[in-house]
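Asker: One structure is given below, represented as C-alpha cells, and several questions about it will come after.
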Amino acid sequence: MMKPLLLRARGERNSRSLTTYLRFGGYGAVKKALIMDARDVIKEIKASGLRGRSGAGVPTGLKWGCVPKASGKPKYLICNADESEPGTFKDREIIRVDPHLLLEGMIIAAYAIDAHKAYIYIRGEFFHEAQMLEHAIGEAYRKKYLGKNILRTGFDLDIYVHRGAGAQICSEETALIESIEGRRGQPRLKPPFPAMAGLFGCPTIVNNVETLACLPHILENGADWFASIGTQESTGTKLFSVSGHVESPGVYEVPLGTTFREIIEDHCGGIPNGRELKAFIPGGSSAPVLTAAEIDTPACFDAVAKAGSTLGSGGLIVMDETVDMVWVLENLLEFYAHESCGQCTPCREGSAWALNILRRIRCNQGCPEDLETLCRIADFACRGMTICPLGDAFCEPIRSFLDRFGGEFRAAVTSGNPPRVVKAPILPTRRDQSMFAKPGTESC
Amino acid sequence: MLRLTIDGVEVQVAEGTNLVEASKKAGIEIPTTCYHPGLRVVGQCRICFVEVESMPHLVTACSTPAQNGMIVMTKSPRVRNARAAVLEFLLANHPLDCPVCDQAGECSLQDFSMEIGLDESRMIDEKRTFPGFESRQIGPAVVQNQNRCIRCSRCIRFTQEIFETHDLIMKGRGARAYIDTFDGRPFDNPWSACVADVCPVGALTVKDFRFRARVWHLMETPSICPGCSVGCNIDVGHLDGVVHRFKPRTNPEINGWWMCDHGRSLASDLNNRDLDRPAVRSGSTFSTLTWNEALVILAETIVTKKPRIVASANLSNEALFLIRRLFVEHLDLEVVVPTDSGAQRWIKNERGTRIESIEVQPNGTGARLIGLSMVDEKGLRDFVSQSSVILLDNRAHAWLAGPDAAAELRGRLAAVFGRRHTELSRTADLIFPTASWFETEGSFTSSTGRVQLARPGWSPVRLGRPAWRTLTDLAVRLDLPLENCISPRRVFEEIVQEIPAFAGMTYRRLSSEPGIPILKDIPHVG
C-alpha cells in the first residue's frame, strides 16, 4: 500500500492548521510555481496527465488551455466543492483533513490561468467545512500566501467561500456559475463553455476539490513522478468514498488502476457477516451499476468505461446479496426526481414518471408494460436530450439496473397486482398514421 | 450570408440566424414551445430537435446557429421519434382538458400532438396536480392554471427581459416547479396580459377573454389600437357582431409582439352603444329623425349660426382631411382638434427600442400633418366659451365628458356626434350616431411617424355612420360637393396629392407593409 498523498495529514494532530501544513513542506509548490512562467505550469500539468476528478475525467491541462489569453476580461477560478451526489464524500474529507492543500492548489491554478479572483463554491450542508475553509483562508492571508503580492512575486489572488443552498444541480458547472451570480441554479446552454464565457460573462475555469489538491504534489515532485503513479491513461491517485456493505466504509486513497476487489477486500475489509457481493456502483450514484462478476475491473477511467460504467466521482457503493435492486433504483430515482431543476422536459417529467412507476412496482402494483415505459424514458431523456448531464445521471442507472438485474424487475412486475387503468387516447386515434414505433418495439 | 441545406432545400441566411428561423425561410416549420423570437433562447423544452449531419447527437434548433454548408434534417425518423418522446413527456402530466381550455385552438401543445405526437400515452399513474392553482387570479388581467403549465419559462423571460418588471418567477424544483409572482405580490403591470399571449398553452389566460368564445369561431380583423398615439397593431377578435378581444399583431417597428393592458381593455368598449339614430331636441325631450332630415337641419344651422367646430384626434386621417376641406377651406369656420397628453404609455418594438405615447388620442399626429389647429384643455375651454359649437366626437377630450363641459356649453351646443350618450350630449340640439373606428376603414398616423391602415370588421350597426360619409353628405346639403370623395380610399388619394408628408402612399401599400413612415423632411402644413 502506497503512502497517501492527498490525505497525507490524516491522523495528524491539528492537521488543518497552517503549522502542520508547513511541516509537511506546504506552500513549497507555490513558491516554485510563482517563479515559473504560467505556460510552463500548464505544460507541467498537461505532462502529468492529470484528469478532472469530478466525474467527466477531462484532462485538466487541456481545460486550462481553452481559456482565451487576450480577451481583455478578468478570469475566474472556481473550486467546485458542491459535492452532493449520493455515495460521494471525498472532497469533504480533503477539506476536513487538509484545507491548505486545496488553497495551495487553487493558487497554482489561478496563477496558471491568470485569475485574480477565485471562489470556492461549497455545498450548503457543509457548514463546518465552510468554517474550516474560512479559517484556513484567514491563516493564509495573514502569512501572505493570499491577498496582494503573494510571497513578493507580484501575483494577487483573493479567494471567497460561497455557500450553496442545497441543490445538487449546482454541482454542474454552469448551474454553479448561475448560483454564484445570484440567480436560480439552472444549467446554461453550452456553448459558450465557461472557459470562454462563464462567471459574469468572463472566462472561468471550474475545477473539483480533488483535482486542485493534486496540483501541489505535481509541481513539487514533477510531472513524471505523478505520471508514474496509476496507469498510462489515468495517472495519479484517486480518493474512493466507499459506502454500503463493507466492514469499514470511508474514504480511501489508492493509485488509479487498483482493482475494485483490492479496494473492497483489502482496504475496506470485505463484505460483513460472511455475505456475498451482489453489485457495486463504481462512481457515484449516477454511474451504471456493475455486478459482482466485474469486481476485478481496474479502477481507472478507461477500464471502467470498457466495463460499461464510469469512474465518475469515485463514490463506490457496495451492495451485498440481501439488497433488493428495485428498492435501490427507487431510492436513486427519488434523489434524481427531487434534484431535477425542472428546466428540460425529458428530465423533469421523465425522472418523476420513472419514480412513480418504481413506487408502484414496489407497492406490488407493477405491470409488464412498466419496464418498457422505463426503457423508453431512459432512451429519450439522455445523450443530448437535456441541457446538462443530469438527464443521463438518472437514465444510466435505470438502463444498467434493467440490463443487469432485469430478472428481479420482471419478477416484481409479474407477481404484481396492477391497478385497473383505462387508457384513454390523447387524441382521436389515427390508425392510418403508423409512422411511430408501436409500444414495446423501442430499443431497450 | 450563410448557405445551408434544410431537408434538401438550400437557403441563404444571415450570420447568427438560428435553425428555427433558417427553417422558416426554407418553408419548414419546426415545433417550438420555449422559443419565442422576442425572448432569450433557453433551449429547455427540447421539442425543436433536428438532426445535423456530422453531429452525433440531435441538437435543438433554437439554440444552434446556422453554419455554412450545414445539412439539416428536420423530418428524419430519429427526429420524429425524439419529438414524439418529448411530447409524450410534456403530455404525461398535462390535464388534457382541452374541451374547457381557452387556449384550445391556438395551443402549441395541441397542434404539435396532432402533428407529431403519439396516439396513446403510456402514463397510467395519477397525474401531477397543483391543488388551488387551477384558476388562480394572479393579477388584474391574468388567470393561472398551473396544471396545464409546461414550464417553458416564456412568461418569466417576458417579465424579465421585455418590460423588466421581474414579476413572475419559477418556484420549487423538478416536477413540482411552478410559476408564481415574485414575493406573492399581485401580478400587476401595464403589460401583464402579454404573458398570456406568449404562453404556448392555457396555463396563463387573459381574464377578460375567459370562456367568451372558442378561438376557432372568432373572426380576426387586423386593425390599429385606438388606446394612445403609439398605434399598436392588433387583431380584433369578434364573433356575430360582438368584439371579444384585442390581440397584438406583430409589427417590428412599433409594438413588436406586445400590447398594453389598457389597449386590451378597450375591446369591450366597442360593444357599447346607446345612440342609434339621429335625434332633435324638442323641449326637454328628443324626437328621432331620419339622417336626411337631420342633415338638412344641420346644414341650416351651419349656414345661419356659423358655429365653431370641435373635431377629434380619434378620427382617421380621411375624416380629418374632409373636415379641413369642408369646414376650413369651403365654409371658413373655426376648427380645433383637442388633444390630451394623458397617462404616459410605452411599448417596446422588436429591437427593444422604447416607444412612448404623446397623447391619448390615436391620430393627433395625423391632425397636425393635415393642418388642423390643436388645442389642449385650456385652449378647448376658451374655444367653446362663446358662439355655438358643433362637436364631431363627444369623446374627443376627457374634459368634454365631465359635468363642467355640460354646464359650460348648455344651450350653445348645436350638434353632437357620438356612439354613447354623455352628460354633454343631452344638452345638444341635434344628436348624430357615429360608426366606431372598427366599423369604418381609415388610416391613422402613429406618433412614431408611421401611417397605418385600420380595416373595418363589419359595416356600421343600426344607423351609425362613419364621419367621412356624414361629411360628404353634409357637403351635398350645403351645395359644396366634395369631388372624388366617395370612399376612404379615394379620400386618401386626395390626401396623398395634397399633403406632401403622405407622398407615395396607397391603401395597397398600407395593407401590405408594417406602416409607412411619413416624409420627415417636409415641414408641417399649417
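The values are calculated or read from the model by the stated rules, or taken from the named source; none is laboratory data. Nothing here was measured: the structure is a model prediction, and the numbers come from that model. When we count neighbours, we look across all protein chains shown, and the Cβ atoms used for this are built from the backbone with ideal geometry, even at glycine.
Asker: From the list B:D183, B:D197, pick out the single residue that is of a type in the set (D, E), surrounded by 17 or more Cβ atoms within 10 Å (Cβ to Cβ) and either touching an Asp or Glu at 6+ places or on another chain (Cβ under 8 Å) or in a helix (DSSP H, G or I) (or both).
Answerer: Numbers: B:D183 fails: surrounded by 17 or more Cβ atoms within 10 Å (Cβ to Cβ).
After ruling out the rest, the residue left standing is B:D197.
Asker: Looking at this structure, is B:L87 within 12 Å of chain A (Cβ to nearest Cβ), in contact with a helix residue (DSSP H, G or I) (Cβ under 8 Å, 6 or more places away or on another chain), farther than 25 Å from B:G237 by Cβ and not in a loop (DSSP other than H, G, I, E, B)? Show your work before the answer.
Answerer: Details: within 12 Å of chain A (Cβ to nearest Cβ): yes; in contact with a helix residue (DSSP H, G or I) (Cβ under 8 Å, 6 or more places away or on another chain): yes; farther than 25 Å from B:G237 by Cβ: yes; not in a loop (DSSP other than H, G, I, E, B): yes.
Criteria met by B:L87.
Asker: Give the stretch A:24-50 a look and list any residue that's buried (at least 17 other Cβ atoms within 10 Å of the Cβ) and assigned to a loop (DSSP other than H, G, I, E, B), or say none.
Answerer: Once the filter is applied, which keeps residues that are buried (at least 17 other Cβ atoms within 10 Å of the Cβ) and assigned to a loop (DSSP other than H, G, I, E, B), the stretch A:24-50 yields A:G26, A:Y27, A:G49, A:L50.
Asker: Here's something else I'd like to know. Tally time: how many residues in the stretch B:396-406 are surrounded by fewer than 18 Cβ atoms within 10 Å (Cβ to Cβ) and modelled with pLDDT of 90 or more?
Answerer: So the count comes out to 1.
Asker: Here's a follow-up. So, in the stretch A:373-402, exactly how many residues are of a type outside the set (V, I, T), assigned to a helix (DSSP H, G or I) and in contact (Cβ under 8 Å) with a residue 60 or more places away in the chain?
Answerer: Here the count works out to 12.
Asker: Quick one: is B:L298 assigned to a helix (DSSP H, G or I), crowded, with 21+ Cβ neighbours inside 10 Å and out of contact with any Cys (no Cβ under 8 Å at 6 or more places or on another chain)?
Answerer: Numbers: assigned to a helix (DSSP H, G or I): yes; crowded, with 21+ Cβ neighbours inside 10 Å: yes; out of contact with any Cys (no Cβ under 8 Å at 6 or more places or on another chain): yes.
Yes: the conditions hold for B:L298.
Asker: Moving on to the next point. Which numbered condition trips up B:R381, out of (1) touching an Asp or Glu at 6+ places or on another chain (Cβ under 8 Å); (2) closer than 24 Å to B:C260 by Cβ?
Answerer: (2)
Asker: Mind counting the residues in the stretch A:301-337 that are touching a helix residue (DSSP H, G or I) at 6+ places or on another chain (Cβ under 8 Å), surrounded by fewer than 24 Cβ atoms within 10 Å (Cβ to Cβ) and of a type in the set (S, T, Y)?
Answerer: 2
Asker: Which of the residues spanning the stretch B:152-168 are within 11 Å of chain A (Cβ to nearest Cβ), buried (at least 20 other Cβ atoms within 10 Å of the Cβ) and either without any contact (Cβ under 8 Å) to a residue 40 or more places away in the chain or acidic (D, E) (or both)? Write out each step before concluding.
Answerer: Initially, the stretch B:152-168 is screened for residues within 11 Å of chain A (Cβ to nearest Cβ), giving B:152-153, B:156, B:160.
Going one step further and asking which of them are buried (at least 20 other Cβ atoms within 10 Å of the Cβ), we end up with B:152-153, B:156.
Across the stretch B:152-168, the qualifying residue is only B:I156.
Each row is one residue, and each column tells you yes or no for (1) surrounded by 17 or more Cβ atoms within 10 Å (Cβ to Cβ); (2) in contact with a strand residue (DSSP E or B) (Cβ under 9 Å, 6 or more places away or on another chain); (3) of a type in the set (A, V, I, L, M, F, W, C).
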residue: A:C214; (1), (2), (3): yes, yes, yes
residue: A:I218; (1), (2), (3): yes, no, yes
residue: A:S234; (1), (2), (3): yes, yes, no
residue: A:H245; (1), (2), (3): yes, yes, no
residue: A:G250; (1), (2), (3): no, yes, no
residue: A:H267; (1), (2), (3): yes, yes, no
residue: A:A287; (1), (2), (3): yes, yes, yes
residue: A:A299; (1), (2), (3): yes, yes, yes
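Asker: Quick test for you: out of B:P190, B:P200, B:P99, B:P131, pick the one residue that is in contact (Cβ under 8 Å) with a residue 60 or more places away in the chain and over 25 Å from A:C344 (Cβ atoms). Steps first, answer last, please.
Answerer: Values: B:P200 fails: over 25 Å from A:C344 (Cβ atoms); B:P99 fails: in contact (Cβ under 8 Å) with a residue 60 or more places away in the chain; B:P131 fails: in contact (Cβ under 8 Å) with a residue 60 or more places away in the chain.
Only one candidate qualifies: B:P190.
Asker: Also: How many of the residues in the stretch B:421-436 are farther than 24 Å from B:V243 by Cβ and part of a strand (DSSP E or B)?
Answerer: 1
Asker: Take the residues of the stretch A:269-284 that are in contact with a Leu (Cβ under 8 Å, 6 or more places away or on another chain) and surrounded by 24 or more Cβ atoms within 10 Å (Cβ to Cβ): which is nearest to A:S84 (Cα to Cα)?
Answerer: Taking the stretch A:269-284 and keeping what is in contact with a Leu (Cβ under 8 Å, 6 or more places away or on another chain), we get A:271, A:279-283.
From what's left, surrounded by 24 or more Cβ atoms within 10 Å (Cβ to Cβ): A:279-283.
Numbers: A:A279: 22, A:F280: 19, A:I281: 16, A:P282: 16, A:G283: 13 Å.
Here the answer is A:G283.
Asker: Of the residues A:A167, A:A118, only one is buried (at least 21 other Cβ atoms within 10 Å of the Cβ), modelled with pLDDT of 95 or more and either of a type outside the set (S, T, Y) or closer than 27 Å to A:R183 by Cα (or both); which?
Answerer: Numbers: A:A167 fails: modelled with pLDDT of 95 or more.
Sole residue among the options that is buried (at least 21 other Cβ atoms within 10 Å of the Cβ), modelled with pLDDT of 95 or more and either of a type outside the set (S, T, Y) or closer than 27 Å to A:R183 by Cα (or both): A:A118.
Asker: Go through B:L87, B:L39, B:L19 for me and flag whichever is of a type outside the set (D, E, K, R) and surrounded by fewer than 22 Cβ atoms within 10 Å (Cβ to Cβ).
Answerer: Numbers: B:L87 fails: surrounded by fewer than 22 Cβ atoms within 10 Å (Cβ to Cβ); B:L19 fails: surrounded by fewer than 22 Cβ atoms within 10 Å (Cβ to Cβ).
Only one candidate qualifies: B:L39.
Asker: On to the next question. Just a yes or no: is a residue in the stretch A:387-401 closer than 23 Å to A:S313 by Cβ and at the interface with chain B (Cβ under 7 Å from one of its Cβ atoms)?
Answerer: At the first step, the residues of the stretch A:387-401 found to be closer than 23 Å to A:S313 by Cβ are A:387-401.
Applying the additional criterion that residues be at the interface with chain B (Cβ under 7 Å from one of its Cβ atoms) yields A:387.
Within the stretch A:387-401, one or more residues are closer than 23 Å to A:S313 by Cβ and at the interface with chain B (Cβ under 7 Å from one of its Cβ atoms).
Asker: While we're here: Looking only at the stretch B:226-261, filter to residues that are of a type in the set (K, R) and in a strand (DSSP E or B); which one of those is farthest from B:C194 (Cα to Cα)? Please lay out each step first, then the result.
Answerer: Start the filter on the stretch B:226-261 by keeping residues that are of a type in the set (K, R), which leaves B:245, B:247, B:249.
Next cut, in a strand (DSSP E or B) only: B:245, B:247.
Details: B:R245: 13, B:K247: 9 Å.
Filtering first and then ranking leaves B:R245.
Asker: Same structure again: Which one of B:R3, B:R46, B:R40 is at negative phi, among the charged types (D, E, K, R) and within 14 Å of chain A (Cβ to nearest Cβ)?
Answerer: Numbers: B:R3 fails: within 14 Å of chain A (Cβ to nearest Cβ); B:R46 fails: at negative phi.
Matching residue, one of B:R3, B:R46, B:R40: B:R40.
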